[in-house]
Every structure is written in C-alpha cells, then in structure tokens.
Amino acid sequence: MSSVGIEALGVYGGAAYVDVQELCAHRGLDIQRFENLMMREKSVALPCEDPVSFAVNAARPLVDRLSESERDRIEMIVTCTESGIDFGKSLSTYVHAHLGLQKACRLFEVKQACYSGTAGLQMAVNFILSGTAPGAKALVIATDISRFALADKGAIEEWAYSEPSSGAGAVAMLVSDAPHLFRIDVGAHGNHAFEVMDTCRPGPDTEAGDADLSLMAYLECCEHAFRDYARRVEGADFRDTFHYLAFHTPFGGMVKGAHRHLMRRLCKAASSDIEADFTRRMAASLVYGQRVGNTAGASVFLALAGIIDTADIGGPQRVGLFSYGSGCCSEFFSGVVPVDAPGRLKDAGIAAGLDRRYRLSMGEYDAILGSTETVRFGTRDTQLLPETMPGIGNGVGGTPRLVLEAIAGYHRKYRWI
C-alpha cells in the first residue's frame, strides 16, 4: 500500500473574533507595521473555550459524516498542542470521550511547538503505511489557543505586535488509505533542526521569545529543509515541482518573506517574478490564516485547507508544505490534492463557520483578557456560565458546540449547547 493521506478535514475557529486593524488602533500600534502582518481578523478564545473544546468542535462534523463501521475503524487519536491543560493527562482522552469513539483506540499527545501538527500527521501516516491494522484510520487534531497576556497589563505591552497575530483554532484530520483531500508523497520529505531559544512558553500561561531570532531561524529552516527534501527527491525544483505552497503561518508577512528568501536563494529570481509567483502559488494559502491568526501546529493545515477551498484545482495539484516549530524542528514535505477535493471539503463549511463568529468590541475583548473567569493552567473547582459569554450562542451551522462548563477538583466538565 502506498496511498495514504488526509481523507477528511475539519476546522474550528472559535465563537468570537476581533478586527485586527481595530485592535492595532486600540493599542496605538504603528499602522505600517500592522500592514506587514497581512491580517484581517483573529479568533479569540472565550473563557468557556479551551484546547479540548476547540479540538472536539473541529472533529465532530467530520466524525458525524462517517458511518458507524467507519467510526469504529478510528484506532488512533493524536492531539497536537502547545496549549496543554495538564503535565500528564492528554487532551486526547477528553476528545475521545466527547466524540463517542470506540474504546480499542490508541490515545496520546504530541508537543513540539508549531511543528506538532506535522509530527502527529507523519506518525499517523506511518501507522497506516505499516499495515499492522489494515483499513484503520487515525484522527490527528492540532489545537491551540493564545491566552498568555491574560490580565497582566505589562505582558500585553511586551506582547505588542504578537498580540494582533496570535489567534486560536483547531484543525482535525482523518488520516487513512483513502486520501480524498490530500495524498502524501510517501518518502518525500526534508528536515532541519537545531537548538535555539527563539520563542517558548516558560510557564503555562506565559510566552516569551525573540522575534528577530525567530524570523532568522524560520528562514534558515525553510531553506535547509527544502534542500534536504531535494536531496531525497530526484529532480525536485522549488519553482517548478509544486503547483501551490502552504507554509506555517505566524502571519502573512512572514510567509511572504520566506517565499522571497527561497526564490532568491534557490531560483535566483527577480523581484517581479517573485511577486507574481507568490500571488499565483501562495495567496490562497493565507485566506483562512488572515481570519483566525496564528494557530500554531494547525496553521500549515489551515493553509492547505485554504488552497483546496479557494485555489483553481483543475486537475491533480502537487502542494509543497513547510512546517516550523520554535526551538526548533522543521519539515518540508509534499502531496497531491485530487481534482475532486474541493467538492469534498465544501461540506466542512470553513468560511461559513468563520462568518458566524461574533465580533467583539474592544471593551469586550479587554474584559475577556482581564476576566476572573479565565481558566488558567492548574485551575481547580470552578464553575463557568457559557451562556453569558458574548457570541457563544451564535451556533455553528446546526451542529452543537462543546463548551467548558466546570472543573471539579481538576477534572474538566464539558457540555454541548
């Protein structure tokens, strides 16, 4: 068996968002620097939303579309996050329970900054390729939220230009030997890794780092990961091999800079050619990232979803993907989007789900950051009132939404609304 990849995909971008330009004006940030972000909106996690609820809400629609026999073939759940809620207990146990999946299932979690989603996908791909459970499926969910500013005014000021681009979201991927959306090029990958302190989460509710160092590490990794890919894949050419490109997207300007760097270093391209190539091969990958912000491990797959949903897929299209996780590890890999993939992904209703989010005013947004209801890492014995939170009743296309309702001891309790 050599056919493996993403059979189905679901996206959850939360219940609420803020307009990024309005936020920048509210914070008094330089509008010229804002324009480099290439951002429109960012999803905001409400106090009753956490990485578990995001993960389940992304996965439920695609699981619901499966027959009972197909659901019973999900034999692995991998949650991929840097927003963990416990040092030992995995999010995957909550996800498994609230999706009502069969109990003969392998559950675990992966953490490697924003590379985690790709690590989970590759692990699932190799499980399917191993043939040890013929016909089995794996559910891989990358889920992350940004809450590291909370009510700390000093942290918000230090956060500065990271705040407008730091979002919240989850992408769920059903991985199987029926890759209707994205067929992995088996064995076609390149890696680059080294130790660097560019960004980190030294505490469960804090984030720190060096933005310039992170940019340099990202650029070094995208070049050398592709060179390793080209070493393994005979005839690979950055300009000609891929119809489209999807990169890890902290913000659009960083992706555009990485594309420019690669076109200059690998292709010796002129500026006009670089701009045209970016518009043709990468603009579609930013469509959803511009609306939810940086979703960490999910961002490269949100970029892939943007290509499948909005690009011209007139025939099988090869996509090159670049995944980067601070610290750092990176990978360049590829696969093919089949011609019927857009029709299949249409059922996910990604754009419609984002359209239904509630637009927070700046007053509401600041109140959420300073809310005493916000659940920090290690919280115990608390009760939440989801119905009182702005936008939580907006609905998600007729599908119930899972919310965090309470914590009893340290056990999180959820409810469908």
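In table form, for the structure just shown:
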quantity	calculated
Any pair with Cβ under 7 angstrom, 6 or more apart, that starts in the stretch 371-385 at a residue that is farther than 14 Å from residue 49 by Cα and ends at one that is assigned to a loop (DSSP other than H, G, I, E, B) and open to solvent by 100 Å² or more (accessible area, probe 1.4 Å)	380/410
Test for residue 336: is it more than 23 Å from residue 146 (Cα to Cα), in contact with a helix residue (DSSP H, G or I) (Cβ under 7 Å, 6 or more places away or on another chain) and of a type in the set (Val, Ile, Thr)	no
Every pair of residues 6+ apart whose Cβ atoms lie under 9 Å, when the first sits in the stretch 25-38 and is under 15 Å from residue 165 (Cβ atoms) while the second is assigned to a loop (DSSP other than H, G, I, E, B)	36/251; 37/251; 38/251
Verdict on residue 35 being more than 13 Å from residue 172 (Cα to Cα) and among the charged types (D, E, K, R)	yes
Matching residues, the stretch 265-318, being within 22 Å of residue 21 (Cα to Cα), in a loop (DSSP other than H, G, I, E, B) and either without any contact (Cβ under 8 Å) to a residue 24 or more places away in the chain or of a type outside the set (Ser, Thr, Tyr) (or both)	287, 293
Test set (1) surrounded by 15 or more Cβ atoms within 10 Å (Cβ to Cβ); (2) within 23 Å of residue 300 (Cβ to Cβ); (3) touching a helix residue (DSSP H, G or I) at 6+ places or on another chain (Cβ under 7 Å); (4) not acidic (Asp, Glu) - residue 108 fails condition number	(1)
First in the stretch 104-126 and in contact (Cβ under 8 Å) with a residue 24 or more places away in the chain, second anywhere and assigned to a helix (DSSP H, G or I) and open to solvent by 70 Å² or more (accessible area, probe 1.4 Å), Cβ under 8 Å, 6 or more apart	110/123
Close pairs from the stretch 192-216: first within 22 Å of residue 87 (Cβ to Cβ), partner of a type in the set (Val, Ile, Thr) and assigned to a strand (DSSP E or B), Cβ under 9 Å, at least 6 apart	207/199; 208/199; 209/199
Complete set of residues in the stretch 366-394 that are open to solvent by less than 40 Å² (accessible area, probe 1.4 Å), under 24 Å from the mean Cα position of the chain (by Cα) and farther than 15 Å from residue 17 by Cβ	374, 375
Residue satisfying all of: in the stretch 57-79; in a loop (DSSP other than H, G, I, E, B) and basic (Lys, Arg); nearest to residue 129 (Cα to Cα) among these	73
Output for the stretch 102-116, where each listed residue is of a type outside the set (Ser, Thr, Tyr), in contact with an Asp or Glu (Cβ under 9 Å, 6 or more places away or on another chain) and not in a strand (DSSP E or B)	102, 104, 105, 111, 113
Hey, residue 341 free of Cβ contacts under 8 Å to residues at least 60 places away in the same chain, crowded, with 16+ Cβ neighbours inside 10 Å, within 30 Å of residue 280 (Cβ to Cβ) and of a type in the set (A, V, I, L, M, F, W, C) or not	no
Enumeration of residues in the stretch 335-363 that are over 18 Å from the mean Cα position of the chain (by Cα), in a loop (DSSP other than H, G, I, E, B) and not charged (D, E, K, R)	338, 339, 360, 361
Matching residues, the stretch 1-49, being at pLDDT below 90, of a type in the set (Asp, Glu) and assigned to a helix (DSSP H, G or I)	35
So residue 97, is it closer than 23 Å to residue 61 by Cβ, of a type outside the set (D, E, K, R) and more than 19 Å from the chain's Cα centre (by Cα)	yes
Identity of the residue in the stretch 353-365, in contact with a strand residue (DSSP E or B) (Cβ under 9 Å, 6 or more places away or on another chain), open to solvent by 10 Å² or more (accessible area, probe 1.4 Å) and of a type outside the set (D, E, K, R), that ends up nearest to residue 216 (Cα to Cα)	362
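The rows are residues; the columns are (1) buried (at least 19 other Cβ atoms within 10 Å of the Cβ); (2) modelled with pLDDT of 95 or more; (3) closer than 26 Å to residue 306 by Cβ; (4) polar (S, T, N, Q).
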{"residue": "191", "(1), (2), (3), (4)": "no, yes, yes, yes"}
{"residue": "201", "(1), (2), (3), (4)": "no, no, no, no"}
{"residue": "220", "(1), (2), (3), (4)": "no, yes, yes, no"}
{"residue": "232", "(1), (2), (3), (4)": "no, yes, no, no"}
{"residue": "235", "(1), (2), (3), (4)": "no, yes, no, no"}
{"residue": "239", "(1), (2), (3), (4)": "no, yes, yes, no"}
{"residue": "247", "(1), (2), (3), (4)": "yes, yes, yes, no"}
{"residue": "260", "(1), (2), (3), (4)": "no, yes, yes, no"}
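For every residue, the table says whether it meets (1) within 22 Å of residue 249 (Cβ to Cβ); (2) in a strand (DSSP E or B); (3) at pLDDT 95 or above; (4) open to solvent by 20 Å² or more (accessible area, probe 1.4 Å).
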residue	(1), (2), (3), (4)
83	yes, no, no, no
95	no, no, yes, no
120	yes, no, yes, no
133	no, no, yes, yes
144	yes, yes, yes, no
150	no, no, no, no
155	no, no, no, yes
162	yes, no, no, yes
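The values are calculated or read from the model by the stated rules, or taken from the named source; none is laboratory data. Predicted model, so just to flag it, every value in this text is computed and none were measured. A quick note on method: Cβ atoms are made from the backbone with ideal geometry, for glycine too, and the neighbour counts reach across all protein chains shown. What goes into the accessible areas is simple: the full protein's heavy atoms, side chains included, and nothing from ligands, DNA or RNA. Shrake-Rupley method; radii C 1.70, N 1.55, O 1.52, S 1.80 Å.
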